[in-house]
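Undergrad: I have a structure I would like to understand better, so I am pasting it below and will then ask my questions one at a time.
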Amino acid sequence: QVQLVESGGGLVQPGGSLRLSCAASGSIFRLNVMSWYRQPPGKQRELVASITSAGTTTYDDAVKGRFTISRDNAKNTVYLQMNSLKPEDPAVYYCHLRVMANNYWGQGTQVTVSS
C-alpha cells in the first residue's frame, strides 16, 4: 500500500517563502512522476508542478520562476520550494504520485498567504 505524507504548510506573509515536503512509502516502482497540485477555496484542483524520476520538471505558468520542485529518489520524497508567495497562492496543496496507471494522493496541507 502506497502512502503519501505531506508537511510544511502554514501561514506566510506576501512575498514570503515556504517549503513543502511529501514522503512516499510502500511499494513504489522506481519509474514514476511526483507532482504537486493545489485547490484554492471554491475552485478545482490544479496542477502546480511535476517531476519525473529522471528529474524532468514542468510548471504551471502561474508559478514559473517562483516555485521549484525537486526530489530525493533515495528517500522517495518530493519537495516544493515556494518563494515570492502571492495572495493568489493560498490553497490546499496536495502531493500526487503516478506509477504506471496508478494514482496516489496525499491528505493535503494548507498554505495561507496573509499579512
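The values are calculated or read from the model by the stated rules, or taken from the named source; none is laboratory data. Bear in mind that the values here come from a model prediction, so they are computed numbers and not experimental data. When we count neighbours, we look across all protein chains shown, and the Cβ atoms used for this are built from the backbone with ideal geometry, even at glycine. These accessible areas exclude ligands, DNA and RNA; they are computed on the full protein's heavy atoms, side chains included. Shrake-Rupley method; radii C 1.70, N 1.55, O 1.52, S 1.80 Å.
Undergrad: In a Gaussian network model over the chain where Cα atoms closer than 10 Å are linked, find which of Ser27, Ser35, Ser84 has the largest mean-square fluctuation.
TA: Looking only at Ser27, Ser35, Ser84, the biggest GNM fluctuation is shown by Ser27.
Undergrad: In square angstrom, rounded to the nearest 10, how much accessible surface does Ile69 have for a 1.4 Å probe?
TA: 10
Undergrad: For the chain, what's the relative contact order in percent, using C-alpha pairs closer than 8 Å and at least 6 residues apart?
TA: 37
Undergrad: Now for a separate question. Net charge within 15 Å of Gln39 by Cβ-Cβ distance, Lys/Arg positive one each and Asp/Glu negative one each, not counting Gln39 itself?
TA: Taking every other residue near Gln39 into account, the sum is -2.
Undergrad: Could you check the simple spin-label distance between Ser25 and Gln110, using points 7 Å along Cα→Cβ, in nm with one decimal?
TA: 2.5
Undergrad: Here is a further query. Spin-label point model (7 Å from Cα, Cβ direction): what's the Lys64 to Gln13 distance in nm?
TA: About 3.0 nm, to one decimal.
Undergrad: Kindly provide the pair-distance distribution of the stretch 10-66 built from C-alpha pairs, with 10 Å bins from 0 and whole-percent values in order of increasing distance.
TA: Distribution as computed: 17, 45, 31, 7 percent.
Undergrad: Rounded to a whole number, what % of the accessible area of the chain do carbon and sulfur atoms account for, probe 1.4 Å?
TA: 47
Undergrad: Considering only protein heavy atoms, what per residue accessible area in square angstrom results for the chain with a 1.4 angstrom probe?
TA: 54
Undergrad: What accessible surface, in Å², does a 1.4 Å probe find on Thr109, ignoring ligands, DNA and RNA and rounding to the nearest 10?
TA: Using a 1.4 Å probe on the heavy atoms, I get roughly 20 Å².
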